[in-house]
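Trainee: Okay, here's the structure, questions in a sec.
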Amino acid sequence: MELSAEERAILAGSRGEPARRALEYQVEVGRFWGAKRLVPVTNVHMMGDIEVMGDAGLAYLQGEVKSAARCVVSTTTNARCVDFAHCDRLGQDPGEVAKERELIQCLRRMDVVTTDTCINYQTVYQPHLGEHVAWGDTGTVIYANSVFGARSNFESGPAALAAALTGRTPEYGFHLDEHRRGSFTVELKVRLDDLADWGAVGKLVGEAHQDYFAVPVFHGYHRTPTADELKHLGAALASYGSMGMFHFVGVTPEAPSVAAVFQGREPAERIAISDRDIDRVYGSYNLGDGDARLVVFSGPQQSLLEMKRLAALFQGRKVKSGSSCFVTTNGAVLAQSRALGYASALEDAGVTILEGVCFYILQNLSPMRQANRWTNMVSSSAKIVNIIGAHRFNTILRRTADCVEIACSGRLR
Amino acid sequence: MQRTIAVARGFGPVVEGEALVSEEGFSPRYDLDRWTGVITKPGHKLEGVSIVDKVCFFPTAKGGIAAGWAFYDIKWKKIAPKAFVFGVTNPVMVQGAIFAGIPITAGWSPHPRGVVKTGDWVRVDPGRNIIEVLR
């Protein structure tokens, strides 16, 4: 790799041991991918909580703090595994909760802004076309690349932390024009009336093309999609297909036309999605033993407009006795939801709102499942339906209004 | 019979171990119990199988930023595999493996099917971009 004078100086220790070690690691990652150089980044979004990091990760962070590690670009955090207001009631392990507090303190000492959100792109930072960032949480990355036209790879916790300490990242993958071209086309001859439908599209396309470097190009849709719709589409593509980018012709900034995104190449494949395909997704779930006692709106966290819609759907209704319904969002959205009355409408209905977390990374989730004898999890998020499997839930995707109905009736349909 | 597989990219020292060949992709977050090293996702083609100390062949990588810390976590808990051999991978797997010091390769030719099967003893040489089936 070609390193600048400043980068060579960092490797020689000019900015201290944490930055030296971080850059050395980045060079190794860059070498693997054949990166020619590092590019400066303006913003870092990192995943770091005790559930994903474990004791090993916490010990690593403590070591970094001891070595006076310090972020050199603005750095925010992804959703975490503990909402301190709810941890006792959820039966989360007090020892792990204490470690989570310690971990947060470590991050703050390194000047990380602990936003605890996986919807930073809706609430914290919106990079512009061509801006290089280093983001973690796949849903944030695919949104940055696709909807903003910014440039990021999936940056896992250690890689994002390294970028925060050095202010750069290896230039490979979606930082390069050659990987941002379209791979195949997806014609949307479909209604897509609910956010869950957009997740279903992401599942269909992602599952069939599991490749980080595959870039689907959506076209032919009859109206302009909303930010929340693109959020659910992207989150599902990233989850099922490990994809980091899509184009939506006439919608996303690098896709003025189908021809423009293929740059003279032919699409490797042309597929179309119909209403029948979406119906088949909903019909594909095994309802297991019929348990309808857990309904989750999470993964990604809910935006303010999603909170508004949920509040309207739950207005005057009650979650069935014995059932649990969880909504997760970030602190900023929750504060506004409280001010606007959405939060109270949900809480009056018996919905539990968790702040700063995502349901699937909750500390102690498997024991929580066992203690509550939950077998099924119903959600409007195609992403969470996919990723919660290791906790041995049988998962079922349903449209938003159907999820509300299931939560309130206790009957699975 | 062919006894070697060429890989496109690699990181880490030479390691030997027992092969675990999967027909399905992998995520340490979606599929793995990170306390035992056993694949627990219901319906995964390797459900119930341990990856501990194995040379794991996976055709694809699934989802998940959290994999980066997860590899470091399983290495610390001494339940990591000897190496990851991916057909197609993503940056998270690579960043995570390098951070944890677990050898990793990506891209294979020919496909391991027909060359290596679960239980074979294999040597992974990321520096030479080659995997050899020893027995």
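Trainee: Identify the single condition in (1) in contact with a Leu (Cβ under 6 Å, 6 or more places away or on another chain); (2) β-branched (V, I, T); (3) over 25 Å from A:G57 (Cα atoms) that B:I39 does not satisfy, given that it satisfies every other one.
Mentor: (3)
Trainee: Would a scan of the range A:395-405 turn up a residue that is farther than 23 Å from A:L233 by Cβ and crowded, with 20+ Cβ neighbours inside 10 Å?
Mentor: No, the range A:395-405 has no match at all.
Trainee: Which of the residues belonging to the range A:222-281 are over 13 Å from A:V205 (Cα atoms), in a helix (DSSP H, G or I) and over 17 Å from the mean Cα position of the chain (by Cα)?
Mentor: Once the filter is applied, which keeps residues that are over 13 Å from A:V205 (Cα atoms), in a helix (DSSP H, G or I) and over 17 Å from the mean Cα position of the chain (by Cα), the range A:222-281 yields A:V258, A:A259, A:A260, A:V261, A:F262, A:D275, A:R276, A:D279, A:R280.
Trainee: Okay, moving on. Please list, ordered by residue number, the helices (runs of 4 or more DSSP H) wholly in the range A:111-214 having 2 or more residues that are within 12 Å of chain B (Cβ to nearest Cβ) and of a type in the set (S, T, N, Q).
Mentor: So the answer is A:138-143.
Trainee: Ok, one more. Please tell me if A:S67 is more than 10 Å from chain B (Cβ to nearest Cβ), within 20 Å of the chain's Cα centre (by Cα), within 15 Å of A:L165 (Cβ to Cβ) and surrounded by fewer than 20 Cβ atoms within 10 Å (Cβ to Cβ).
Mentor: For A:S67, the condition - more than 10 Å from chain B (Cβ to nearest Cβ), within 20 Å of the chain's Cα centre (by Cα), within 15 Å of A:L165 (Cβ to Cβ) and surrounded by fewer than 20 Cβ atoms within 10 Å (Cβ to Cβ) - is not met.
Trainee: Of the residues A:G234, A:G241, only one is touching a residue at least 60 places away in the same chain (Cβ under 8 Å), small (G, A, S), closer than 20 Å to A:H175 by Cα and within 14 Å of chain B (Cβ to nearest Cβ); which?
Mentor: A:G234
Trainee: In addition: Please enumerate the residues belonging to the range B:67-83 that are in contact with a Pro (Cβ under 8 Å, 6 or more places away or on another chain), of a type outside the set (S, T, Y) and at the interface with another protein chain (Cβ under 7 Å from one of its Cβ atoms).
Mentor: Correct list: B:A67, B:G68, B:W69, B:A70.
Trainee: Further question: Are any residues in the range A:293-331 surrounded by 17 or more Cβ atoms within 10 Å (Cβ to Cβ) and small (G, A, S), and if so, which ones?
Mentor: A:S298, A:G299, A:S303, A:A311, A:S323, A:S324
Trainee: Please indicate, with yes or no, whether at least one residue in the range A:40-56 is acidic (D, E), in contact with a Lys or Arg (Cβ under 6 Å, 6 or more places away or on another chain) and over 16 Å from A:L165 (Cα atoms).
Mentor: Checked against the condition, which is being acidic (D, E), in contact with a Lys or Arg (Cβ under 6 Å, 6 or more places away or on another chain) and over 16 Å from A:L165 (Cα atoms), the range A:40-56 yields at least one hit.
Trainee: Return yes when B:A8 is within 10 Å of chain A (Cβ to nearest Cβ), over 13 Å from the mean Cα position of the chain (by Cα), farther than 24 Å from A:G48 by Cβ and of a type in the set (G, A, S) and no when it is not.
Mentor: yes
Trainee: Which residues, taken from the range A:282-325, are part of a helix (DSSP H, G or I) and in contact (Cβ under 8 Å) with a residue 60 or more places away in the chain?
Mentor: A:Y282, A:L305, A:E306, A:R309, A:L310, A:L313, A:F314
Read-outs throughout are calculated quantities, based only on the coordinates presented, and are distinct from any laboratory measurement. None of these values were measured; they are calculated from a predicted model. Using ideal geometry, Cβ is built from the backbone for each residue, glycine included, and neighbour counts are taken over all protein chains shown.
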